[in-house]
Ligand code: FES
C-alpha cells in the first residue's frame, strides 16, 4: 500500500524535534482523526535554514512532515510557500488516495509557520490559495 519512500520516512523520520527560539511555528490539526502536526522554522535573510517537526499522527502524516521539512530547507519563504501537498506526496513516490489529506497537513503546517514568522515581523500574512478545498471536505481519516 505504501511506497518504499513513505516507509523509509515513517521508520526513519528526518528532522524530528523542536527548534529553540524558532522564528516561525505552525500547528495544525485534522479535526476528524485528531492528528496534530507542529512545524518549527529557523529563518535567516528570508531563507529557511532549519526545519523540524513534531507530529502526533498516522504514518502518512509522519512521512509527510519528514519530507516537507526536507523540501523546505534551504528554500526562500516564497519558494517554500509553493511547496504543495502534491509536491510532498510526489517526493514520497505517492500516497494512497485516502491518505492524501495527511500531506495537506504538512502544507498547512509550513504555511502557518511562515505566516507566524511574517506576522511577528509586522508583515501581512500570505493568503492560502485554497486550492485544496476539495481535500478539506474529505478530511476523513482512515487508520
Ligand atoms: Fe489523520 Fe493521516 S493525518 S489519518
Open item on the list: Every residue in the range 4-21 that is more than 16 Å from the ligand (Cβ to nearest atom) and touching a residue at least 60 places away in the same chain (Cβ under 8 Å), please.
Closed with: 4, 5
TODO: Note down all Cβ pairs under 6 Å where the first residue falls in the range 30-54 and is more than 21 Å from residue 14 (Cα to Cα), the second is more than 13 Å from the ligand (Cβ to nearest atom) and modelled with pLDDT of 95 or more, and they're at least six residues apart or on different chains.
DONE: 46/76; 46/77
Task: Hey, residue 127 within 26 Å of residue 21 (Cβ to Cβ) and away from the ligand (no atom under 15 Å from the Cβ) or not - done: no
Open item on the list: I'd like to verify a number: residues in the range 65-86 that are over 19 Å from residue 115 (Cβ atoms) and either crowded, with 18+ Cβ neighbours inside 10 Å or free of Cβ contacts under 8 Å to residues at least 24 places away in the same chain (or both), how many?
Closed with: 3
Open item on the list: Just the residues that are within 16 Å of residue 116 (Cα to Cα) and part of a loop (DSSP other than H, G, I, E, B), please, taken from the range 11-35.
Closed with: 18, 19, 20, 21, 22, 23
Open item on the list: Quick check on residue 37: is it out of contact with any strand residue (DSSP E or B) (no Cβ under 9 Å at 6 or more places or on another chain) and within 14 Å of residue 104 (Cβ to Cβ)?
Closed with: no
Open item on the list: From the list 42, 54, 38, 112, exactly one residue is out of contact with any helix residue (DSSP H, G or I) (no Cβ under 6 Å at 6 or more places or on another chain), surrounded by 19 or more Cβ atoms within 10 Å (Cβ to Cβ), in a strand (DSSP E or B) and modelled with pLDDT of 95 or more. Which is it?
Closed with: 38
Task: Odd one out for residue 130 among (1) modelled with pLDDT under 95; (2) buried (at least 19 other Cβ atoms within 10 Å of the Cβ) - done: (2)
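The values are calculated or read from the model by the stated rules, or taken from the named source; none is laboratory data. Computed from a prediction, not measured in an experiment: that's the story for all the values here. In this analysis, Cβ positions are derived from the backbone assuming ideal geometry, glycine residues included, and neighbour counts consider all displayed protein chains.
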